[in-house]
Amino acid sequence: MTEIDVLQVATMVALVLLGAAWYLSYSAARLDRLHAKVEGAVSALDAQLVRRAEASLELATSGAVDPATSLLLADAASEALERHTHQPLSQDPLDGQTFAGREDTETNLTEALRAVLTAETVEALRSDAESPGALGLARVESTALRVQLARRFHNDAVREVRRVRRKAVVRVFRLAGHAALPHRVDFDDDLPPAVVD
């Protein structure tokens, strides 16, 4: 083998190693961005859930619904707000990808909204567009829609992170480092049928 052949082989090996290093660096950076996207998505979902609970509490205290259903809704909304205040998303400030088991509380609020917002109640609230009840209903409706969108966006981001982390190159070279594997957030967030119509 001549000196030129050795130089060509060394150049080719160097180019292959450089290409592999670039690909690993790119993959690690992409995975890091995806993890950051999940953290942002769970924070956005949390903010929308707080807004939904506040809107539900506002509707419950507006005097526009009967006292029994108002109490039911206020209790569920207060519980959701309390869970947010006293149980943050994660105990570890570096791990913003957990939901702290709040799914049951949020499902309870959704069920309370369905129980309160019957077709008759929604019709009565919408009859006077400027009343506190109508304004509260509109706010509940818009925040509930935002919760659905935020949860779907979060779950899409989680699905993408999990897909990338299943790749062999990510596992072999441990490109995810010590980052926790994010989990989907699943709870009942369907709007009451009377509100959707």
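The values are calculated or read from the model by the stated rules, or taken from the named source; none is laboratory data. Remember, predicted model here, so these are calculated numbers, not experimental data. Methodologically, a virtual Cβ is constructed for each residue, glycine included, from the backbone with ideal geometry; neighbour enumeration extends over all protein chains shown. Side chains are part of the model used for accessible areas, which takes the heavy atoms of the whole protein and leaves out ligands, DNA and RNA. Shrake-Rupley method; radii C 1.70, N 1.55, O 1.52, S 1.80 Å.
Here's the yes/no breakdown for (1) of a type in the set (Lys, Arg); (2) part of a helix (DSSP H, G or I); (3) within 17 Å of Leu113 (Cβ to Cβ):
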site	(1), (2), (3)
Trp22	no, yes, no
Ser27	no, yes, no
Leu31	no, yes, no
Leu59	no, yes, yes
Ser62	no, no, yes
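Of the residues making up segment 17-39, those that are under 30 Å from Thr110 (Cα atoms) and touching a residue at least 40 places away in the same chain (Cβ under 8 Å) are Leu34, His35, Lys37, Val38, Glu39. Of everything in segment 97-145 that is of a type in the set (S, T, N, Q), more than 23 Å from Ala47 (Cα to Cα) and not in a helix (DSSP H, G or I), the residue that is least open to solvent (accessible area, probe 1.4 Å) is Ser131. Reported count of residues in segment 146-161, each being among the aliphatic types (A, V, I, L, M) and either open to solvent by 80 Å² or more (accessible area, probe 1.4 Å) or on the phi > 0 side of the Ramachandran plot (or both), is 1.
Within segment 45-62, if we keep just the residues that are among the hydroxyl-bearing types (Ser, Thr, Tyr) and touching a residue at least 40 places away in the same chain (Cβ under 8 Å), the residue that is surrounded by the most Cβ atoms within 10 Å (Cβ to Cβ) turns out to be Ser56. Of everything listed in (1) without any contact (Cβ under 8 Å) to a residue 24 or more places away in the chain; (2) over 28 Å from Phe99 (Cα atoms); (3) surrounded by 15 or more Cβ atoms within 10 Å (Cβ to Cβ); (4) among the small types (Gly, Ala, Ser), the single unmet condition for Ala194 is (1).
Restricting attention to segment 147-197 and to residues that are part of a loop (DSSP other than H, G, I, E, B) and aromatic (Phe, Trp, Tyr), the residue that is farthest from Ala112 (Cα to Cα) turns out to be Phe173. Residues to consider are Val65, Val38, Val42; find the one that is under 16 Å from Leu137 (Cα atoms), of a type in the set (Val, Ile, Thr), modelled with pLDDT under 95 and open to solvent by less than 20 Å² (accessible area, probe 1.4 Å). Exactly one residue qualifies, and that residue is Val65. Only residues that are out of contact with any helix residue (DSSP H, G or I) (no Cβ under 6 Å at 6 or more places or on another chain) and open to solvent by less than 90 Å² (accessible area, probe 1.4 Å) were counted in segment 173-184, giving 3.
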